Structure formats: structure tokens, C-alpha cells
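Worksheet: one structure, shown below.
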């Protein structure tokens, strides 16, 4: 719902993503802060920044599949892995330029992910969740058992001397800007998808796939498309991860990572692209905060012992996540929307 | 006049005294270096981390007091919880790097994956307590392990067993239990299979059992390998696999010796197995020290750390590994300080020192054989040795010390 007095007289205005001047100002300020961050903040913030950006790309993809299309996906980390390996192999062994390598990673992950979309046509709920867990097992199995010269076997694949448009990506600041640009593009793309007929089809299938089918939506194709898009996002994120670390190995993409991605989406709020971004930032910041606090506390109170300090930090992290889910099960985005509506209606309660 | 002269003398004496005091202070001044200690207090190794972390802390404390203070270097250990997670390590690293470390403690695969490509640029040496891997056997590495690969350690045991227990008369029949869930464990299978293929006179590999890392039961698999006549079963992977192998053998009533590694040594699995007696005749094989109760230099050093430097961890393989890893770290700093002075050490000096200077087993109090690194591998690739412990009369005792490992080609 728009604020009172906000209306558009043109089609372009009606379909705009950023709708009001305050929204433009807020977005510009955010972008300014993000662009200036590497100059203003310590090194740690830069690496936190690109870790968050890469994770956010994967969570936005998951949001499209699970939040919009209602298809449970516990294999997002495996899809990231497929993208990472495809990007690393194409760049390091086939000499692809990096943008092509990233797209190839996305495409490879999308192809792998759409296989699970086909299974989603016949099964749903817990059964689908179990099927997507198989993606993790298959990914591990293939990487470890295919000939080592293909995917490096247990040793993984390393990338040497990587650059994009002449910019050397061997430093954290360059990675930061690359991942920021990709996140902005992918987020814009996600908004485009969910506002278009595909997004509406996703929501229709999520709400009632039988009714969606009766309305003329091709349910099978929609589900496959949801997985394909989600896995493509994961593949791009995986490619970025390979670029950031310059090394890919199978253990980086575990089921546990997939669960963290789902936690980020739920904390942010299902069915919202901005929610996916907020959830990623909040969870990643919480994780980074406890990790940062631990060493300081451990040094300040050596008598307590490292094990107790770090264990307490993780209990704190778990508590924060549980509190979020208890007090705002619809996600932080719901709270943000409620606050925005209340602000717009003020001083009236309804 | 007299008072003016007296004042001049007093001023001169004061100046000399102050200068002397400042000079003495400078002589005592220590240059501090941060040593990042990558730890896992909330991941798969959280149960062993207190022992490993405690050992690292106490050795650093001992070295600062007894050695560092004399050579003008103080090491300040700072622990970071990486959760044994590549993403967390990658995210933490630039912050760690801002503290300008020279050398630090690594934990295993995730650290190596996250850092191995950037460490040559960042110029920080990381030292591993665990064994190395075949896939990490590459030149110019900055994550260095003090033990050779798991495969080296197992091959050393196979060779020893064949020569001493079978008199070298026939190949030893071996079954290997490992997993495909982890690259390190999958690598063990690859390496042992390659060795068996190349040395049919020494070893006959009856089966490689791929099980889950935490298997519920391995009775069927153990029945298969015992029926195939395995002389010995290698279980170098997880703690849970080691326990499952022993339980399966108990259930089948078979007495086939099992060889474990450092992280799942008999000392660890004795409790869940209901006592060390159930492990009679089983082996521990690794290049680090075997944590026996024999009066060794290593044990005496451990006792000293407990008595004087607040080490609380019990005497077992993990504590010994933590002590060994830290001893290597402090000895490398010590050697680099002797070559370059204490004030301006950097990671490159430490790396070069490790490549150029052999670290003697004596300086490591017997926690490791002599260590000589070179650019071709991230572990002491020439003349690696293995120590073998055996459970005898309810105690872990030394079966072989410093047994030379046969030369292995990369697999």
C-alpha cells in the first residue's frame, strides 16, 4: 500500500521499483556507504562485506524457489558448489574470461538444479526436502569420484592470477566491489522475475498448485523454472566464492551451509527479496559478532578459558536466532512493513 | 663554588644512571608478535579443542618465560573460532591479517582451503598439527604440517607389521575402513590402494570399506573382511568409525588387530568401548609422539607444563599434538630470530627459516623426529618416520619408535 498522497500518473511511475523520493534518498545513501566502506572501515569489514554479498545472492535465489514458488530446497549449497566448480574449471583450465566463467557456473548449477525441479512436479513438502538433500550427496559423490583431472578430486581446483576487465582480483577490495556489483544486478533481476508473469505463476503455485493448474499455469514447468532460477543464483554465488578464495573444494558446500541459507531466508521473511537481504545481513552480522567478541573476551578473561568463552558465544548466537523466530516468525521484513505502515498512518492506529 | 661542582657531579651521575637504566630497559625490551590460533570450539572438533588450545597456550607461556624473554621476542596467542568452516575462516582472515602475524596455528582442511592460495601473498606461515593429505602435496605451500600424510603413516605401519610380525615372508592382508564423505578420508583410500598396487609383495588389500563418518554398525563389513582373512584392519578416519569397527569385531567374536591414527587412538576410544582392555593388541600409528605413560622426555615436558604453566588437558594424543605443533612454531620463531634479530621478523623469514633450517627432534623434546622441510611439499617429505604404539596388558606401550616410512610416490 502506498502512503497517502503517493500516486502515479504514468505507467513508468506505476511499475517503478523505487517509488518515492525518500526511498531514492535512502537507497542512494546505502549505496554510497557500501561503495565508501573499503576506504572507511578496517580490513575485516571488507571480507565480511563480500561474504555477505555472496551469501545474499544465494539466499535471494533460495527466496525465489522457496519463498515465492513454495518449493522446499535443502540443496542450495550443493548448487553453489556446482557453480563454483564450473566457474573455477572454466576460468583456470579453459581460460574463460571471468564474466563468462561466472555465467557458465550459473548455467551449470541451473542445469543441475532443474533436475530437482522435475522431481518437484510429483512430490512436495518433506519428500521434496529429502530429494533436495540428495543434491548434496550427489554433488559430493561426483566431485570425489570423477577423474581427478576433471574436478581435482579431493584436492579441489585452484584459480591462479584472476582478473576482470584488467583489474587484478588478488585483493579483498577488488573482490568486494565485484561481489557488490553482482549482488546489485542479481537483486534487480530478482525483482524483475517476481514482478513479472513468472513471479505471479510462482506465487500461484505456492498458494495452491491445483488451482494454479486449473487457471492455465503449467505447474510442472513453473516448478522446474523455480529450481532453475534458484540454482542459477546459487551458481553465480558459488562462482563468486571460487573467485574470492581462488580455491574450490567439496567440503566448502555442505548440508549445514544449506541450512544456514534457509535460516537467513526465514529470519528475513519468506516471500520478500528485501527480506532475503535483511536476513542475510542480520544472521551474518550475528555470526561475525560472536566470532569477533570471542577472542576479545578470551583475552580479557583468560581465567575463564577459551572453550567456555567460545561455547557461550555460540549459545548466544543460537539464542538470538531462536528469539527472532519466537517473536517474529513471519520474519524481519514483516516487522519492517508493519513499522512502515504504522508510520504512514500515524497518528491514526488503523 | 664547591656546591656548583657537587651539583655538576650529581647531574653527571644522574645522567649516567638514567642512561644505564634506559639502556637496560632497551636490552630487556621485547618485540611482540601476534600468533593467530585458528580453533574449532563449535564445530566437529569442539570436543578436542580444549586440549589442543590448552596445549598451545601453555607452550607459548613456557616459551615466552624461558626463551622469548632472553631473545627479545614475546608471542601473543589470539584464538579465533573458525567453526572448522571455510567461509568463516575466509571472513575472519583479513581481520587476523591486520594484526600482522608471522606464523599461526591452523586446524585442518577448511583453513587450508580458505587460505592456501592467499598465504604466499600474505606472507603468513600456518602450521598444522594433523597429518597432511595427498592432494595437498604440492610445492611452495605456506600451510605446513609436521606430520607426513595419513597414507605415509599407514604405509609405515603396514611395512613394519609385514617385516616384524610376519617376518617379511608374505604380504600382509589389510582391510581399510574409511569414508567418501570427506576429501581427507577419500584420499587415504586412494593412497593406500596405489601403494598396495605398487607393492604386492608387501601388502594385499583385501577390501576398502567406505562407510559413513558416523556409522551405526559395521558388522556386515567386518564379517566380510575377516572372512577374507585380513591380518590387520586400518581405521585411520573418524573416531566413530574406530568405535564401530571395534564393536563389530566384538560382536563377531573376532580378534583382528586394528590400527588407529592419532585422533582416534586407543586412549580416546577406551572409554566408549568400556575400558582399554577391550583394545588389547590394537595399534596407534602416527608420526607424532605416542602418549604412553613411559618415562620419556615428551612426558616429562608435559608434566612440567602441567606443574608450572597451568596445562589442564590430560595426557593423550591431542594434547601431545597441540604441544608438538606449538613447539615447532616457537622453535621456528627462535631460529628466525637468531638469523634476523628479534625486532623486524616477518612471515617470509619464518618460511625461509623452516625451509633452510632442520628442526631437531631434541629441540622438540621428542614430540617429533627431526623435521626438514623443502619447497616441494608441505610436510617433511624426506626420511619421514612413524611411531607405533600397541595396547599391551591394559596400557598403551611403544611398539616401534622412529620406524622409517618407505618412499612413496604421489598418488
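The values are calculated or read from the model by the stated rules, or taken from the named source; none is laboratory data. Nothing here was measured: the structure is a model prediction, and the numbers come from that model. Please note: Cβ atoms are built from the backbone with ideal geometry, for glycine as well, and neighbour counts cover all protein chains shown.
Taken as a whole, the condition of being under 16 Å from residue B:310 (Cβ atoms), buried (at least 23 other Cβ atoms within 10 Å of the Cβ) and without any contact (Cβ under 8 Å) to a residue 60 or more places away in the chain applies to residue B:79.
Of the numbered criteria (1) within 28 Å of the chain's Cα centre (by Cα); (2) over 20 Å from residue B:154 (Cα atoms); (3) part of a helix (DSSP H, G or I), the one residue B:214 fails is (3).
Condition test on residue B:257, is it closer than 26 Å to residue B:405 by Cα, away from every other protein chain (no Cβ under 14 Å) and surrounded by 22 or more Cβ atoms within 10 Å (Cβ to Cβ)? The answer is no for residue B:257.
When you check residue B:246 against the structure, is it surrounded by fewer than 17 Cβ atoms within 10 Å (Cβ to Cβ), in contact with a strand residue (DSSP E or B) (Cβ under 9 Å, 6 or more places away or on another chain), part of a helix (DSSP H, G or I) and more than 14 Å from every other protein chain (Cβ to nearest Cβ), yes or no? No: the conditions fail for residue B:246. Listed by position, the helices (runs of 4 or more DSSP H) enclosed by region A:173-275 that each have at least 3 residues that are touching a residue at least 40 places away in the same chain (Cβ under 8 Å) and either in contact with a strand residue (DSSP E or B) (Cβ under 6 Å, 6 or more places away or on another chain) or within 14 Å of another protein chain (Cβ to nearest Cβ) (or both) are A:219-245, A:255-268.
To keep it simple, each residue is scored yes or no on (1) modelled with pLDDT under 85; (2) within 13 Å of chain A (Cβ to nearest Cβ); (3) not in a helix (DSSP H, G or I).
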{"residue": "B:56", "(1), (2), (3)": "no, yes, no"}
{"residue": "B:60", "(1), (2), (3)": "no, yes, no"}
{"residue": "B:63", "(1), (2), (3)": "no, no, no"}
{"residue": "B:66", "(1), (2), (3)": "no, no, no"}
{"residue": "B:87", "(1), (2), (3)": "yes, yes, no"}
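Among the residues of region B:158-183, those identified as surrounded by fewer than 24 Cβ atoms within 10 Å (Cβ to Cβ) and within 14 Å of chain A (Cβ to nearest Cβ) are B:179, B:180, B:181, B:182. For residues that are part of a loop (DSSP other than H, G, I, E, B) and in contact (Cβ under 8 Å) with a residue 12 or more places away in the chain, scanning just region A:153-169, find the one that is surrounded by the most Cβ atoms within 10 Å (Cβ to Cβ). The extreme case among them is A:156. Residues in region B:109-131 that are touching a residue at least 40 places away in the same chain (Cβ under 8 Å) and either in a helix (DSSP H, G or I) or within 12 Å of chain A (Cβ to nearest Cβ) (or both): B:109, B:111, B:122.
Confirm whether residue B:77 is touching a strand residue (DSSP E or B) at 6+ places or on another chain (Cβ under 6 Å), over 30 Å from residue B:260 (Cα atoms) and more than 7 Å from chain A (Cβ to nearest Cβ).
yes
Does any residue of region B:231-243 turn out to be without any contact (Cβ under 8 Å) to a residue 12 or more places away in the chain and within 24 Å of residue B:52 (Cβ to Cβ)? No, the conditions are met nowhere in region B:231-243. Looking across B:208, B:155, one residue alone is within 14 Å of another protein chain (Cβ to nearest Cβ), under 25 Å from residue A:155 (Cα atoms) and at pLDDT 95 or above. It is B:208.
The conditions of being assigned by TED's automatic domain parsing to the domain that holds residue B:130, free of Cβ contacts under 8 Å to residues at least 12 places away in the same chain and outside any loop (DSSP other than H, G, I, E, B) are met by residue B:307.
Among the residues in region B:148-170, are any in contact with a helix residue (DSSP H, G or I) (Cβ under 9 Å, 6 or more places away or on another chain) and within 20 Å of residue B:332 (Cβ to Cβ)? Taking every residue of region B:148-170 in turn, at least one turns out to be in contact with a helix residue (DSSP H, G or I) (Cβ under 9 Å, 6 or more places away or on another chain) and within 20 Å of residue B:332 (Cβ to Cβ). Under the condition of being in a loop (DSSP other than H, G, I, E, B) and at negative phi, which residue from region B:94-107 is nearest to the other protein chains (Cβ to nearest Cβ)? Once the filter is applied, the top-ranked residue is B:98. Residue count for region B:314-349, restricted to those that are buried (at least 24 other Cβ atoms within 10 Å of the Cβ) and over 20 Å from the mean Cα position of the chain (by Cα): 1.
When region A:203-227 is examined, which residues are found to be surrounded by fewer than 23 Cβ atoms within 10 Å (Cβ to Cβ) and under 30 Å from residue A:178 (Cα atoms)?
Of everything in region A:203-227, those that are surrounded by fewer than 23 Cβ atoms within 10 Å (Cβ to Cβ) and under 30 Å from residue A:178 (Cα atoms) turn out to be A:224, A:225.
Assessment of region A:82-92 against the conditions (more than 14 Å from chain B (Cβ to nearest Cβ), in contact with a strand residue (DSSP E or B) (Cβ under 9 Å, 6 or more places away or on another chain) and either surrounded by fewer than 17 Cβ atoms within 10 Å (Cβ to Cβ) or in a helix (DSSP H, G or I) (or both)) yields at least one matching residue.
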